[in-house]
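Comments concern the structure below.
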Amino acid sequence: MEKGKKWDLLSIASIPLIMTLGNSMLIPVLPAIRDKLGISSLQVSLMITVYSAIAIVLIPIAGYLSDKFGRKVVIIPSLIIAGAGGLVSGLAAMWMQQPYIMILVGRFLQGVGAAGAAPIVLPLVGDLFRKEDDVSAGLGMIETSNTLGKVLSPILGSALAVWLWYLPFLAIPVFSVISAVLVWFLVKMPKATNSGKEAKADPQSKSFRSFLTSLTVIFRQKGRWLYAIFAIGGICMFVVFGTLFYLSDVLEDQYQLKGILKGCVLAIPLAALCTASFLTGKRIGQNKKKMKWITFLGIAILSVCILVCALIQNMYLLIALLSLSGVGIGAALPCLDAMITEGIEKEERGTITSLYSSMRFIGVAAGPPVASLLIKHSPGTMFYSIAACCVVAAVLALIAIRPKQEAPKT
């Protein structure tokens with residue numbers, strides 16, 4: 001890795017870590033929030049969905065703005081907005097007798113901030129390094145940071161909720177300010193990607209229509225594998241958040257596991273995901289063919305594990321299978337990140353990777369409410385449905401991602 005870039009990368013890695021904490025910390029405390037506010041499981045799942053839904057809409061806009069004006073110009077205000085959203089939710093829970101609507105408003109604001117922060121990280125890493133091996137290693141570190149946030153979030157969320165059920169909301173502004181300070185002082189942008197003068201000198205940057213034309217050309221040339229990666233990324237996040245929502249409910253309702261112990265159990269599959277992401281990011285280099293097959297094998301493992309989950313009732317086996325599922329997802333995600341970041345020129349990279357992030361957020365948004373609805377029929381129905389989605393993702397990885405047939409960069 002290039003010298004002098006480690007602090008930049010660590011600072012950038014704080015963004016997905018903190019944004020993930022801000023969302024996933026709520027997963028283990030959703031049953032407690034449901035009971036405290038006297039709302040349904042579907043209503044409490046909307047606290048995850050509303051965050052992701054607004055992010056889905058705004059992420060592509062944030063990506064375009066980051067291509068036009070620079071990554072840090074978008075990221076830092078977005079982190080501040082995300083912190084403000086957490087503060088609104090926390091204060092509403094503190095001071096209002098019926099805070100549900102205002103908590104959703106705060107989550108909406110937090111989603112606005114997340115749209116301009118976490119998704120811009122992928123193109124930022126691509127801008128930061130010249131060598132593709134360094135880009136792949138950096139993206140592996142980012143994906144590891146993201147999954148580390150998922151590992152820590154159930155433990156930290158449960159620990160905070162032991163004191164006050166709304167304390168996870170109030171932790172969000174603290175984390176967001178820390179990340180904003182790190183990015184402001186420690187991330188040094190390459191002049192070629194963050195120079196306002198150069199942007200003004202480039203006639204393409206002045207015309208939104210010409211920008212859309214260039215995107216149309218990209219999707220015409222590379223749409224086959226881009227659409228496949230978008231879909232696979234969304235399905236992976238759908239599986240993670242859908243199964244975690246189910247596991248959180250089961251641990252509390254059937255096994256009476258609460259607090260930090262419950263958070264530790266929820267962290268087991270996520271720890272497997274995190275480890276797999278870290279190791280994969282270290283080893284894939286710039287070999288696109290290897291990325292394709294690792295993605296396919298990871299999703300195939302995921303499909304089999306989720307299918308078997310529908311057939312068992314033993315909690316220990318369920319956690320073991322979900323952990324193996326996490327390994328499959330963890331192996332696939334850094335490959336998807338690297339293929340989409342390294343396969344797109346810097347001028348459009350922010351927008352394309354943001355569209356990819358939008359698809360992942362769709363998975364995050366859909367996971368808890370869909371799981372909640374399917375569980376009403378039976379847990380088996382939920383697992384069979386999720387397994388079917390995983391099979392679709394595996395088929396897409398096998399037939400739609402063809403590195404050797406990819407059009408050359410222009």
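The values are calculated or read from the model by the stated rules, or taken from the named source; none is laboratory data. Note that the structure is a prediction, hence the values are computed from the model and not measured. Here the Cβ positions follow ideal geometry from the backbone for every residue, glycine too, while neighbour counts run over all protein chains shown. Heavy atoms of the whole protein, side chains included, go into the accessibility calculation; ligands, DNA and RNA do not. Shrake-Rupley method; radii C 1.70, N 1.55, O 1.52, S 1.80 Å.
Within region 201-315, considering only helices (runs of 4 or more DSSP H) that don't extend past its boundaries, which have at least 1 residues that are on the phi < 0 side of the Ramachandran plot and in contact with a Leu (Cβ under 8 Å, 6 or more places away or on another chain)?
Filter on region 201-315 gives 208-253, 259-283, 288-309.
For G350, are the conditions met, namely being among the small types (G, A, S) and over 24 Å from L273 (Cβ atoms)?
yes
For Y227, only one of the following conditions fails: (1) over 27 Å from Y316 (Cα atoms); (2) buried (at least 16 other Cβ atoms within 10 Å of the Cβ); (3) modelled with pLDDT of 90 or more. What is its number?
Of the numbered conditions (1) over 27 Å from Y316 (Cα atoms); (2) buried (at least 16 other Cβ atoms within 10 Å of the Cβ); (3) modelled with pLDDT of 90 or more, the odd one out for Y227 is (2).
Which of the residues that make up region 18-29 are closer than 11 Å to S158 by Cβ and either part of a helix (DSSP H, G or I) or in contact with a strand residue (DSSP E or B) (Cβ under 9 Å, 6 or more places away or on another chain) (or both)?
Selection gives I27, P28, V29.
Which residue pairs have Cβ atoms under 9 Å apart, sit 6 or more places apart or on different chains, and have a first residue in region 267-287 that is closer than 20 Å to M339 by Cβ and a second that is open to solvent by 80 Å² or more (accessible area, probe 1.4 Å) and outside any helix (DSSP H, G or I)?
The qualifying pairs are Q286/K131.
Filter region 250-274 down to the residues that are under 23 Å from the mean Cα position of the chain (by Cα) and either at pLDDT below 90 or buried (at least 18 other Cβ atoms within 10 Å of the Cβ) (or both) and list them by number.
K262, G263, V265, L266, A267, P269, L270, A271, A272, L273, C274
Just give me the residues in region 290-313 being modelled with pLDDT of 90 or more and open to solvent by 50 Å² or more (accessible area, probe 1.4 Å), in sequence order.
K290, W293, L297, I301, V304, L307, V308, L311
Residues V57, V73, V50: which one is open to solvent by 50 Å² or more (accessible area, probe 1.4 Å) and within 19 Å of the chain's Cα centre (by Cα)?
Exactly one residue qualifies, and that residue is V57.
Given (1) of a type in the set (A, V, I, L, M); (2) within 19 Å of A400 (Cα to Cα); (3) within 15 Å of the chain's Cα centre (by Cα), where does A365 come up short, assuming only one miss?
So A365 meets the others, but not (2).
If you scan region 135-164, which residues turn out to be at pLDDT 80 or above and closer than 19 Å to I284 by Cα?
G138, M141, I142, S145, N146, listed by residue number.
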